[in-house]
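To start, the structure itself, in structure tokens.
The values are calculated or read from the model by the stated rules, or taken from the named source; none is laboratory data. Every value quoted in this text rests on a predicted model; they were computed, and no experiment measured them. Methodologically, a virtual Cβ is constructed for each residue, glycine included, from the backbone with ideal geometry; neighbour enumeration extends over all protein chains shown. Accessible surface areas use protein heavy atoms only, side chains included; no ligands, DNA or RNA. Shrake-Rupley method; radii C 1.70, N 1.55, O 1.52, S 1.80 Å.
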Amino acid sequence: MTVISLLTDFGSQDGFVGVMKGVIWDICPDAHIADLTHEIPPQSVLQGALILAQSYTYFPEGSVHVAVVDPGVGTARRGIAARVAGHYFVAPDNGLLTVVLQEAQKGDFPVELVELNRPEYWLKEVSRSFHGRDVFAPVGAHLANGVPLEKIGSPAGEVVLLDPPQPRRTPAGWEARVILVDHFGNLITDLDSSRLDPAEVSSVACQGQTAPGIVDTFAEGRPGELIAMFDSSGRLSLCVVNGSAAARLETGAGARVLVRLRS
Amino acid sequence: MTVISLLTDFGSQDGFVGVMKGVIWDICPDAHIADLTHEIPPQSVLQGALILAQSYTYFPEGSVHVAVVDPGVGTARRGIAARVAGHYFVAPDNGLLTVVLQEAQKGDFPVELVELNRPEYWLKEVSRSFHGRDVFAPVGAHLANGVPLEKIGSPAGEVVLLDPPQPRRTPAGWEARVILVDHFGNLITDLDSSRLDPAEVSSVACQGQTAPGIVDTFAEGRPGELIAMFDSSGRLSLCVVNGSAAARLETGAGARVLVRLRS
Amino acid sequence: MTVISLLTDFGSQDGFVGVMKGVIWDICPDAHIADLTHEIPPQSVLQGALILAQSYTYFPEGSVHVAVVDPGVGTARRGIAARVAGHYFVAPDNGLLTVVLQEAQKGDFPVELVELNRPEYWLKEVSRSFHGRDVFAPVGAHLANGVPLEKIGSPAGEVVLLDPPQPRRTPAGWEARVILVDHFGNLITDLDSSRLDPAEVSSVACQGQTAPGIVDTFAEGRPGELIAMFDSSGRLSLCVVNGSAAARLETGAGARVLVRLRS
């Protein structure tokens, strides 16, 4: 029973994701398949990279994560597969694995990377516009079947890496950026709890509105109040209790967040 | 092969639900997992309670239903698990099981309730804002593995119950309320078929528009006509044949519906 | 391990699809279930027919495809089941299998069709408005369990067929129609690659805008450029590189597309 997760920007209206599952079960009839998300905004490779990295560690070791946000489909961009910390990944070589690979480097986890160049592990006919179906899903299914990474392709060498936003230390504290807006309208920044002692924070401001310090839980704010807290992945977030910070602050990804430290 | 259903207000963009599935399969590799819905409006505990109650009986006996609409996450609110009519439930103790428990009481089904206070059945690290991942999913997976309810927690005592709207008998008939609006725009009320003999109904009115009596099927109306019928859960509903009653009547949950009986 | 796919216009907010899975697993505990899509626009039988036909061949032989776009639920319209090219289908007899059946005829595949008239394969209680739950899901689950088609119902005779748009040969080339708009805003026409040699096409026009010839891949256009190419199902499509042709051309299903051939 291997688990395969799927992350794409395909949406759910066209049957594209269902077709990928059909392809997977044709090759690996035992796989359990979880949708991670199919609502990555079209072609937003960075957003896909962030969500993939914050999610995969909760899956069983040996899981296969197939990620397809692929504006370059049909070009010369390569497909790649990776083994990182006991998990497998299959994706276009366009930076979609950036955050997974950077965190592996930080954590000193072993990483193996291969280029997908063995068509015997793809569908017989490969279209120019749907490698999720024709290449990535079948490769993921073969990995789930236990085919070793080395047979799926040859060593990948350098792969494409994005340059995700990084928080900047300032005289007064930190300048962070909103990198994700979740379903509840919480504004999630690139500043994580490893860099910040909540006790030292005097305020967190965005779009001219200010949350006083960092609280532990929603319960410390009144309904409708703007608060700052660490989200479930340990990143500094601006939230409105029982409401949407994105709506209140009329902002989203890219917005600047200023963290002031006690002096 | 135990079945686990998931009902949340998490939406599908952030990977939150996928992560819950990863957690479940790490603990219970055999589980089949069905998404009931993840589109409960944020923090709408009552709507979650209604949809859970109308859905679970169609699952195999022994299924585990994990429900997370949880505005109080991180506060002192408890988590609970229940066994009702051969089904298991895991949820925050905030009223999300209200309708399941009230119907069990009506039907005189046995109910067991425990408080989730055995951290050995949770993830090792529990965040302040995502108990779906850290507490409820793992508890559900352990129940699916056959861990007895009594080991998951100690008896819960009184649990939080909501007070769902109830239809009111009037001299002319009934005053009901719209409690759900479905994907097709059908307006579903709190008045169910056990209280109403269709043959005695002379009209059903809402927002100044009137359906003549109660019909058996959509087929009895012309396309575009406003009709009243019982929905697939036995509740009085206002529908527009091949259209949306919510759009036509420009209304939604909370609207008053007047049922006039023949005198 | 039989695979069952589900295609409906139920959306995902109400738990309707989750309930169908509960029903299926109660009858066939081993089934893998894939959502094909639940976002067919309400009652758009033709769109369901098109997506079903382009998807099912990617599933393992022996898969069961349960399709429910059913404006006539509760009327005298029949339910049917079919075996086509080693796949099983369950649907209302309203044309939803049109494209599957027409392509089978073109390909000279054997087709068997039965009318669903054996209530012993349905739920005990059948509602007037939710045959997806009460009839089609249980029939699909019994087929997945290996119950022969002949036991599920008696021969169906003539079934309802729609008349999907067909491209028209003109003196200058072809007049096609947009039949689907996908999640990326690509405009997909009824003209497929079997009728058209890309080398002979001089232009493809829609709404007064023109793509020069047919390209092989997105990579041949600049970001923002309007291009024509064959989609992953072999149909002529208008696309904007890294953008939405539907938004750019402000159009959708039904729009006329003119293909000019070199003279």
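Directionally averaged projected area (chain A, Cα convex hull): 15.0 nm². Inter-copy label distances at residue B:42, using a point 7 Å along Cα-to-Cβ, come to 2.6, 2.6 nm with the shortest given first.
Just give me a number: lysine pairs in the protein assembly as shown, eight or more positions apart or cross-chain, with C-alpha atoms less than 28 Å apart. Qualifying lysine pairs in the protein assembly as shown: 21. Entry note, the protein assembly as shown: the mean residue ellipticity at 222 nm calculated from DSSP H runs of n ≥ 4, each adding -39500 (n - 2.57), is -5000 deg cm²/dmol after division by the residues and rounding to the nearest 500.
Within the shell of other residues whose beta carbon sits under 9 angstrom from the beta carbon of residue A:166, the net charge comes to 0, with Lys and Arg scored +1 and Asp and Glu -1. For residue A:213, the residues 5 or more places off, or on other chains, whose built amide H falls under 5 Å of its own are A:203, A:204. Charged side chains reduced to their Cβ positions (Lys and Arg at +1, Asp and Glu at -1) give the range C:26-79 a dipole of some 300 debye around its Cα centre.
Each label point was placed 7 Å from the Cα along the Cα-to-Cβ direction; for residue A:219 and residue A:85 their separation is 2.9 nm. Ranked from shortest, the separations from the 7 Å Cα-to-Cβ label point of residue B:57 to its equivalents in the other copies are 4.4, 4.4 nm. For residue C:5, the residues whose amide H sits under 5 Å from its own are C:34, C:64, C:65, C:66, ignoring neighbours fewer than 5 places away on the same chain, with H placed 1.01 Å from N. Remark: mean inter-chain Cβ contacts per residue of B:29-38 equal 6, using a 10 Å Cβ-Cβ cutoff to other protein chain atoms.
For A:236, B:258, the ranking by accessible surface with the largest value first comes to B:258, A:236, using a 1.4 Å probe. One decimal place: the segment residue A:168-residue A:44 gains 42.3 nm when fully extended, by the rule 0.36 nm per residue minus the C-alpha distance.
Between C:194, C:63, C:244, the GNM of chain C built on Cα springs shorter than 10 angstrom shows C:194 fluctuating the most. Rolled with a 1.4 Å probe across the full set of protein chains, the surface gives residue A:56 an accessible area near 10 Å².
The apolar share of the surface of the range B:115-263, taken as the fraction of accessible area on carbon and sulfur atoms (1.4 Å probe, ligands and nucleic acids excluded), comes to 47 percent.
Kindly state, to the nearest 0.05, the FRET efficiency for residue B:125 paired with residue B:75, given R0 = 22 Å and r defined as their beta-carbon distance. Efficiency for this residue pair is about 0.75.
Each part gets one Cα centre, and for the range A:221-263 versus the range A:172-197 those centres are 8 Å apart. Here each label is just a point 7 Å from Cα along the line to Cβ, and for residue B:195 and residue A:192 those points are 5.3 nm apart. Taking a point 7 Å from the Cα of residue C:250 along the Cα-to-Cβ direction, the residues of the range C:209-226 with backbone N closer than 13 Å to it are C:209. Summarising the amide proton neighbourhood of residue B:116: residues at separation of 5 or more, or on other chains, whose placed amide H is nearer than 5 Å comprise B:79, B:80, B:81. For residue A:256, inter-copy separations between label points set 7 Å beyond Cα along the Cβ vector come to 5.3, 5.3 nm, shortest first.
Each Lys and Arg Cβ is given +1 and each Asp and Glu Cβ -1; about its Cα centre, the range C:84-182 then shows a dipole of about 180 debye. If R₀ is 45 angstrom, what is the calculated FRET efficiency for the pair residue B:57 and residue A:202, using the beta carbon separation as r and rounding to 0.05? So, using R0 = 45 Å, E works out to roughly 0.25. Counting Cβ atoms of other protein chains within 10 Å of each Cβ in C:64-72 and taking the mean gives 1. For the range A:1-20, a drop of 10 Å² or more in accessible area on going from the chain alone to the assembled protein chains (1.4 Å probe) is found at A:1, A:3, A:9, A:10, A:11, A:12, A:13, A:14, A:15, A:16, A:18, A:19.
Ranked from largest to smallest solvent-accessible area, with a 1.4 Å probe on the protein heavy atoms, A:61, B:115 come out as A:61, B:115. Got a sec? Which residues of the range A:223-259 lose 10 Å² or more of accessible surface with every protein chain in place, vs. that chain alone, 1.4 Å probe? Buried-area filter returns A:229, A:232, A:242. Only Lys, Arg, Asp and Glu carry charge here, each on its Cβ (+1 for the first two, -1 for the last two); on that basis the range B:110-252 has a dipole of about 280 debye about its Cα centre. Computed with a 1.4 angstrom probe on protein heavy atoms, the B-C interface buries about 2600 square angstrom of accessible area in total.
Per-residue Cβ counts within 10 Å, from other chains only, averaged over A:50-58: what number is that? Averaged over the peptide's residues, the number is 4.
Accessible surface for the protein assembly as shown, divided over its residues, is 39 Å² per residue with a 1.4 Å probe. Placing a label point 7 Å from the Cα of residue A:258 along the Cα-to-Cβ line, the residues of the range A:170-193 whose backbone N sits under 14 Å from it are A:170-177.
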